[in-house]
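Peer 1: Quick one: this structure, given as structure tokens, is what I'll be asking you about.
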Amino acid sequence: MVKKPKAKLEVVPQIDLTLTQKQRAFVDAVSRGKLGSHKAAYAEAYSVRLNKNGSIPKWVEVEASKLLATPKIALSLQRALQRKEHESVASALRIRNHVISRLYTESTEAESDASRVRALELLGKLDHVSLFSDKVEVREESRSPEEIESELHQRLSELLA
């Protein structure tokens, strides 16, 4: 048997995630997504002087790409986007729970019968309740053309008789 050499294990140093003020501004601008591009985010964060015609200089795209390729920027951006996604999901859940709570209250305390019935109807249409959803069953039978033809002849003879 041939002995395989053991793999060398090394401790990988942790990435220093401290960002400069301009790097933080760049990450924030990209994660907000309101500027439309990394180039515009870089120009805003680093106070780039625009060309005479009002456009962003071409070198900004190269610098923005280099900055995005930096591990600590990429990791910070990834975390910021995950945080933003988590916040939007949490916000949607809060709104959903509020609406359900208000519908329940309306269904029990509304002054008019029509309001109570409408609130109950909307509660019944919720995804996890599905009381008023239309369910369509599709049955597929495979029949030979001869069987279909004989059934048609039989029905036609019944109708014409």
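Peer 1: Hey, can you tell me all the residues within the range 107-141 that are in a loop (DSSP other than H, G, I, E, B), at pLDDT 85 or above and not acidic (Asp, Glu)?
Peer 2: Ala110, Ser112
Peer 1: Let me ask something else. What's the number of the condition Tyr104 fails, among (1) within 30 Å of Ala119 (Cα to Cα); (2) in a loop (DSSP other than H, G, I, E, B)?
Peer 2: Tyr104 satisfies all of (1) within 30 Å of Ala119 (Cα to Cα); (2) in a loop (DSSP other than H, G, I, E, B) except (2).
Peer 1: Right, something else. Which condition from (1) within 30 Å of Arg32 (Cβ to Cβ); (2) loosely packed, with under 11 Cβ neighbours inside 10 Å; (3) of a type in the set (S, T, N, Q) is the one that Thr108 breaks?
Peer 2: Answer for Thr108: the failing condition is (1).
Peer 1: Looking at (1) over 28 Å from the mean Cα position of the chain (by Cα); (2) of a type outside the set (A, V, I, L, M); (3) more than 30 Å from His128 (Cα to Cα), can you tell me which one Ser37 breaks?
Peer 2: All conditions are met except number (1).
Okay, residues lined up against (1) within 26 Å of Ser88 (Cα to Cα); (2) small (Gly, Ala, Ser):
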| position | (1), (2) |
| --- | --- |
| Lys4 | no, no |
| Ala7 | no, yes |
| Thr20 | no, no |
| Val27 | yes, no |
| Arg49 | no, no |
| Leu67 | no, no |
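Peer 1: Does Ala74 meet the test of being without any contact (Cβ under 8 Å) to a residue 12 or more places away in the chain and closer than 19 Å to Ala25 by Cβ?
Peer 2: Here the answer is yes, as Ala74 does meet what is asked.
Peer 1: Any chance you could count how many residues in the range 3-49 are surrounded by fewer than 11 Cβ atoms within 10 Å (Cβ to Cβ), modelled with pLDDT of 90 or more and within 15 Å of Glu61 (Cα to Cα)?
Peer 2: The total comes to 2.
Peer 1: From Lys3, Lys84, Lys39, grab the single residue that is touching a residue at least 40 places away in the same chain (Cβ under 8 Å) and among the charged types (D, E, K, R). Steps first, please.
Peer 2: Working: Lys3 fails: touching a residue at least 40 places away in the same chain (Cβ under 8 Å); Lys39 fails: touching a residue at least 40 places away in the same chain (Cβ under 8 Å).
Only one candidate passes the filter, namely Lys84.
Peer 1: Can I ask one more? Among the residues of the range 70-92, are any under 28 Å from the mean Cα position of the chain (by Cα) and assigned to a loop (DSSP other than H, G, I, E, B)?
Peer 2: Yes, the range 70-92 contains at least one residue that is under 28 Å from the mean Cα position of the chain (by Cα) and assigned to a loop (DSSP other than H, G, I, E, B).
The values are calculated or read from the model by the stated rules, or taken from the named source; none is laboratory data. These figures come from a predicted structure and were not determined experimentally. As a convention, Cβ positions derive from the backbone with ideal geometry for all residues, glycine included, and neighbour counts pool all protein chains shown.
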